[in-house]
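The structure appears right after this line, and notes come after that.
The values are calculated or read from the model by the stated rules, or taken from the named source; none is laboratory data. Given the structure is predicted, the values throughout are model-derived calculations rather than measurements. Here the Cβ is made from the backbone with ideal geometry for all residues, glycine too, and neighbour counts use every protein chain on show.
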Amino acid sequence: MATRHQARESIIGLLYAEDIGNSGIEKFIDELFEEKKIRNQQKEFALGLYHGVKEHLIIIDEAINHHLKEWNLSEIGTIERAILRLGAYEVLYSELDNAVIINEAIELAKKLCNETSPKFINGVLDAISRDGEAK
């Protein structure tokens with residue numbers, strides 16, 4: 001059975017695929033989850049994350065853009081953007097402790113991005129968390 005970390009990693013893959021133009025990716029969610037052995041509660045968790053990001057994307061992107069100092073969201077890497085969107089969604093809308101959410105985003109960035117991305121993602125998500133916009 002998959003972990004929440006693996007579920008998040010799959011959601012980042014979906015968000016990435018959509019961001020680069022695969023608009024029909026949603027119809028392959030069940031296949032992807034089955035391939036990654038994301039089932040039952042983890043599947044519900046992952047679907048909640050995916051649909052939550054999609055539903056609140058405008059607010060999420062505004063919160064991220066507000067804390068980008070030298071760039072805007074369209075100028076950062078696609079994987080970094082997916083990780084930030086997922087992390088910002090969880091910071092803003094989930095009951096999970098923000099430190100856990102940010103740590104998870106950092107670990108995903110370490111695995112999926114370059115060496116400067118974890119620090120960048122930490123800074124943006126921490127700023128969103130401190131903003132008082134969360135929870």
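Among residues of region 17-42 that are exposed (fewer than 13 other Cβ atoms within 10 Å of the Cβ), those with a Cβ under 7 angstrom from a residue that is among the small types (G, A, S) and part of a loop (DSSP other than H, G, I, E, B), sequence gap 6+ or separate chain, pair up as K37/A2. All of E70, E26 fail the test of being out of contact with any Asp or Glu (no Cβ under 9 Å at 6 or more places or on another chain) and of a type in the set (D, E, K, R), apart from E70. Filtered by the rule that a residue be of a type in the set (S, T, Y) and buried (at least 17 other Cβ atoms within 10 Å of the Cβ), region 95-129 gives S117, S129.
For region 3-25, filtering for residues that are of a type in the set (V, I, T), part of a helix (DSSP H, G or I) and at pLDDT 90 or above leaves 2.
Among the residues of this structure, S74 does not count as one that is at pLDDT below 95, more than 24 Å from R130 (Cα to Cα) and small (G, A, S). Across region 17-36, a minimum of one residue is classified as over 17 Å from the mean Cα position of the chain (by Cα), of a type in the set (S, T, Y) and under 24 Å from I76 (Cα atoms). Within the bounds of region 26-45, is there any residue that is more than 19 Å from T3 (Cα to Cα), part of a helix (DSSP H, G or I) and at pLDDT 95 or above? Checked region 26-45: no residue is more than 19 Å from T3 (Cα to Cα), part of a helix (DSSP H, G or I) and at pLDDT 95 or above. Of the residues that make up region 90-98, is at least one of a type in the set (S, T, Y) and more than 11 Å from the chain's Cα centre (by Cα)? Yes; the residues of region 90-98 include at least one that is of a type in the set (S, T, Y) and more than 11 Å from the chain's Cα centre (by Cα). Of the residues L108, L96, the single one that is within 15 Å of H5 (Cα to Cα), among the aliphatic types (A, V, I, L, M) and at pLDDT below 95 is L96.
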